[in-house]
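Reading through the structure tokens given below for one structure.
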Amino acid sequence: MGGFGSGRRSNRFTTDDCIQLKLTDLRRLGMIKRHCMHRRERTWYLDGKVVAQLTLVSDVDCREPYPCLKITGQAYGKRVDCLIWLDPQPMRFGGERWYALCPSTGKRCTTLVLPPSSTHFASVAGWDTVYGSQRECRVHRAHRAIYVASTRLKALSKYARKSTKEGLWSRISSRHVIIEEELEELMSQLT
């Protein structure tokens, strides 16, 4: 079966290589509200260097006839100037969920990405990028899962249920078992 480095490889960017804009984060920052217009400056870093400085302006039913997100600035040494239309969808028990309409596919999405070689945002499917975990080996996926579970564990309230905490600890310990198995297999191959 496939060993280290086997399988198909491609030169496509992963989502980890791209600048990501998640609508849930923008909503948490208060940028997507009915009858409001917000402006926010964001800076992205990679290895301690500034990769992008973008201005995000959300206009929800103020000046534009349809809700939109305007993105301008510099990214990867290129000028970025794009307009993303937003689409609210009513939820079953009230309220609404916001989606971005991908300029490439026209479909709804919640995450927009900007690869290093481009000047406008689109969805993950619109740029045909892959998620970083799809290219990782079993050990790296286990390390990523441990990081996610431990981050979530640290963010839990002290009033969180015992079953929630135990579930996260069991997830962490099961991933440690995977790492140990892979290390033992590697050691057996070396001897």
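The values are calculated or read from the model by the stated rules, or taken from the named source; none is laboratory data. Note that the coordinates shown come from a computational prediction; the quantities given were computed from them, not determined experimentally. Reconstructed Cβ throughout: ideal geometry from the backbone, glycine too, with neighbour counts over all protein chains shown. Note: areas computed on protein heavy atoms with side chains; ligands, DNA, RNA excluded. Shrake-Rupley method; radii C 1.70, N 1.55, O 1.52, S 1.80 Å.
Brief remarks follow.
- Among the residues of the range 77-92, those identified as surrounded by 17 or more Cβ atoms within 10 Å (Cβ to Cβ) and touching a residue at least 40 places away in the same chain (Cβ under 8 Å) are VAL80, LEU86.
- Every condition in (1) farther than 22 Å from CYS109 by Cβ; (2) in a strand (DSSP E or B) is met by LEU56 except one, and the failing one is (1).
- Scope the range 164-180; condition open to solvent by less than 80 Å² (accessible area, probe 1.4 Å) and either closer than 19 Å to VAL139 by Cβ or among the polar types (S, T, N, Q) (or both); matching residues: THR164, SER170, ILE172, SER173, SER174, ARG175, VAL177, ILE178, ILE179
- Test: residue in the range 39-50 that is among the hydroxyl-bearing types (Ser, Thr, Tyr) and part of a loop (DSSP other than H, G, I, E, B): no
- Among all residues of the range 152-161, there is none that is surrounded by 17 or more Cβ atoms within 10 Å (Cβ to Cβ), among the hydrophobic types (A, V, I, L, M, F, W, C) and either more than 30 Å from GLY73 (Cβ to Cβ) or touching a strand residue (DSSP E or B) at 6+ places or on another chain (Cβ under 7 Å) (or both).
- Restricting attention to the range 62-76, the residues that are open to solvent by less than 50 Å² (accessible area, probe 1.4 Å) and either of a type in the set (D, E, K, R) or part of a strand (DSSP E or B) (or both) total 6.
- A count restricted to the range 133-142 and to residues that are in a helix (DSSP H, G or I), of a type outside the set (A, V, I, L, M) and surrounded by 13 or more Cβ atoms within 10 Å (Cβ to Cβ) stands at 4.
- Residue in the range 125-132 that is modelled with pLDDT of 90 or more, in a strand (DSSP E or B) and touching a strand residue (DSSP E or B) at 6+ places or on another chain (Cβ under 7 Å) present: no
- Which numbered condition MET31 misses (of (1) open to solvent by 80 Å² or more (accessible area, probe 1.4 Å); (2) part of a loop (DSSP other than H, G, I, E, B)): (1)
- Answer residue from the range 37-55, given it is open to solvent by less than 90 Å² (accessible area, probe 1.4 Å) and in contact with a Gly (Cβ under 8 Å, 6 or more places away or on another chain) and is nearest to ARG97 (Cα to Cα) among those: HIS38
- Those residues of the range 61-82 which are touching an Asp or Glu at 6+ places or on another chain (Cβ under 9 Å) and more than 30 Å from ASP47 (Cβ to Cβ), in sequence order: TYR66, PRO67, CYS68
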